[in-house]
Amino acid sequence: MNHPAPAVPLARALPPVYAAAAVRAAFPLLLLPVMATRLGAEGFGQLSLLLVWAMLLSTLVEGGFLAAATRHAVAADPAALRRLAVQVFSARCVLSLLVAPLVFAAARTAAPQMPVRETLLLAALACALGWPANWYLQARQQLHRWARVELLVYGLWLAAALAWAHSVAAYLLLQLASAAVLAVAGWAWLARDLGVVHGPVRGLWQPAAVRPGLALGGQMLPVALASAAYTFALPAAAAANMPRAELGLYYLADRVVRALLNAAEPVFQLVYPRIVARQRAAQGRALRYTARWALAGTAAGALLWLAAWWAVPALPLAQVYDPPALSAVFAVLGALLPLLLGWKFFGSWMLGSGRFDTAYRASILAGAAFGIPAAGLLGGHGAVALAGVALAVEWVVIAVALGGMAWRARAQRAGL
């Protein structure tokens, strides 16, 4: 018997989740410009490269469970939910051990002169960033309650960074502290809900669950890695030919645009389980529901794009970056706002359909296969060229997804 999580009215769920999202948005919109001013173009470029690698490799620790486990947890009964938690926890323990050496290798390759202290911080940060229990909180529709924890942690991190982050190491240390607190608190929340009486580690770690856990996450891990590639592997691939100052310029613009995109993430997180629930009743009903959200997202994205163009000249970065160059990067990357705020709802519909999820995965992988080599080739042409690659990648994803859906529908009609 299935036991879906009780639906929370959006009017009650959205305000606290958006409050936490607003604090998260303050980091790229407020803190990163401050860090660029403090560190200068070269220093901020170095910090950008380290953060790119930390986020990229943290995706491997996350293991693809945000997509794979969420779908199963939406309607899981208590026994199945506990089994799922054990698999995710056990698999992530192993993935953390595998990722740590990769972090060291990446850090030494990307920045061979980096002190050992910063390398250790980067390794720990990559692991901590991959451990949140959001797959459970999203599936069980508890994000509105969890948002209070995020508000406290992110607020303290923001205040501490503004006060004390005057070096690359200090920034990494503060981000590590906040990521670790959120990861531990999230799994403690899950363990309490599931009645794990011996503590999360003793209650959730089971060696026998590692293999099924890796198999579960492995369904979506390539997609998660490919998705991360659009934001993090593109600058990582371009870094070999791109000056650090240009890399920092691209990273700053990308983080601001992604922050505006992430402003809609609470909506995606709350709408996705509802799309899945409607798909269990009727695909047509779910598609109409998705289309309404997609139209609203496209309109909101267009307004945000215009607002970003208006706000860019006001950023206090003239002493760090050339204002026309900053505006040019934002003009190209800003086109992602209406494109993705509309398309991502359809991506959620494809992922939850059970019919077109293969086409969704193929589209993400195709985008990464196109984008990473293109970034390596065009990175030497500067931040604007790399922004053009990022935009082209998303069009490749959409084209492959639509083609995959058409092929799947035609194959089903033909009885293949």
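The values are calculated or read from the model by the stated rules, or taken from the named source; none is laboratory data. Keep in mind that what you see is a predicted model, and the values were worked out from it rather than measured. Glycine also receives a Cβ, built like all others from the backbone with ideal geometry; neighbour counts cover every protein chain displayed. Side chains are part of the model used for accessible areas, which takes the heavy atoms of the whole protein and leaves out ligands, DNA and RNA. Shrake-Rupley method; radii C 1.70, N 1.55, O 1.52, S 1.80 Å.
Return one whole number: the accessible area per residue of the stretch 26-97 in Å², for a 1.4 Å probe.
Averaged over the residues of the stretch 26-97, the accessible area is 28 Å².
Counting Lys and Arg as +1 and Asp and Glu as -1, what is the net charge of the other residues whose Cβ lies under 11 Å from the Cβ of residue 216? Intermediate results must be reported in sequence, preceding the final value.
Working: positive: 71, 83, 211; negative: none.
Around residue 216, the charge tally is +3.
Which value, in Å² rounded to 10, gives the accessible area of residue 55 with a 1.4 Å probe and all protein chains present?
60 Å²
To the nearest 20 debye, what charge dipole does the chain have about its Cα centre, counting +1 at the Cβ of each Lys and Arg and -1 at the Cβ of each Asp and Glu? Intermediate results must be reported in sequence, preceding the final value.
Working: 30 positive and 12 negative charges, 311 e Å.
In debye, rounded to 20, the chain gives about 1500.
Roughly how many Å is it from the Cα centre of the stretch 366-404 to that of the stretch 85-102, as a whole number?
Using only Cα atoms, the two centres lie 30 Å from each other.
Express the accessible area of the stretch 244-371 per residue in Å², computed with a 1.4 Å probe while the remaining protein chains stay in the model. The partial results should precede the final answer.
Details: 5050 Å² over 128 residues.
Here the per-residue accessible area is 39 Å².
From the Cα gyration tensor of the stretch 293-345, with a ≥ b ≥ c the square roots of its eigenvalues, which class applies: rounded if a/c is under 1.5, or else prolate if a/b is larger than b/c, or else oblate?
Note, shape of the stretch 293-345 comes out prolate.
Keeping all protein chains in place and using 1.4 angstrom, which order do 136, 360 fall into by accessible surface area, from largest down?
So the residues, ranked largest to smallest area, are 360, 136.
Calculate what fraction, in whole %, of the accessible area of the chain sits on carbon and sulfur atoms when a 1.4 Å probe is rolled over the protein chains.
Values: 11950 of 17120 Å².
Roughly 70 percent, rounded to a whole number.
Considering Cα pairs under 8 angstrom that are at least six residues apart, work out the relative contact order of the stretch 167-296 and quote it in whole percent.
Result for the stretch 167-296 is 8 percent.
Where a ≥ b ≥ c are the square roots of the eigenvalues of the C-alpha gyration tensor, would you call the stretch 261-394 rounded, which needs a/c under 1.5, or, failing that, prolate if a/b is larger than b/c, or oblate? Walk me through the intermediate numbers first.
Working: a/c = 3.55, a/b = 1.68, b/c = 2.12.
Note, shape of the stretch 261-394 comes out oblate.
Could you order the peptides 203-214, 169-180 from most to least packed, using the average number of other C-beta atoms within 10 Å per residue? Let's see the in-between values first.
Numbers: 203-214: 16.8, 169-180: 19.3.
Going by the mean number of other Cβ atoms within 10 Å, highest first, we get 169-180, 203-214.
I'd like to verify something in the chain: which complete DSSP H helices, judged by Cα projection on the helix axis, reach 27 Å or more and average at least 0.0 on the Kyte-Doolittle scale? Write down the numbers at each step before the final one.
Numbers: long enough: 32-62 (32 Å, 1.20); 78-110 (45 Å, 1.25); 143-164 (30 Å, 0.91); 168-194 (39 Å, 1.47); 283-311 (41 Å, 0.43); 357-378 (31 Å, 1.01); 383-413 (46 Å, 1.21).
The qualifying helices are 32-62, 78-110, 143-164, 168-194, 283-311, 357-378, 383-413.
Based on alpha-carbon centroids, what's the gap between the stretch 179-252 and the stretch 67-81 in Å, whole number please?
The distance from the Cα centre of the stretch 179-252 to that of the stretch 67-81 comes to 18 Å.
Report the relative contact order of the chain, percent, no decimals, based on alpha-carbon pairs under 8 angstrom and at least 6 residues apart.
Value for the chain: 23 percent.
Most fluctuating residue of 194, 137, 365 in a GNM of the chain with Cα springs under 10 Å: which is it?
194
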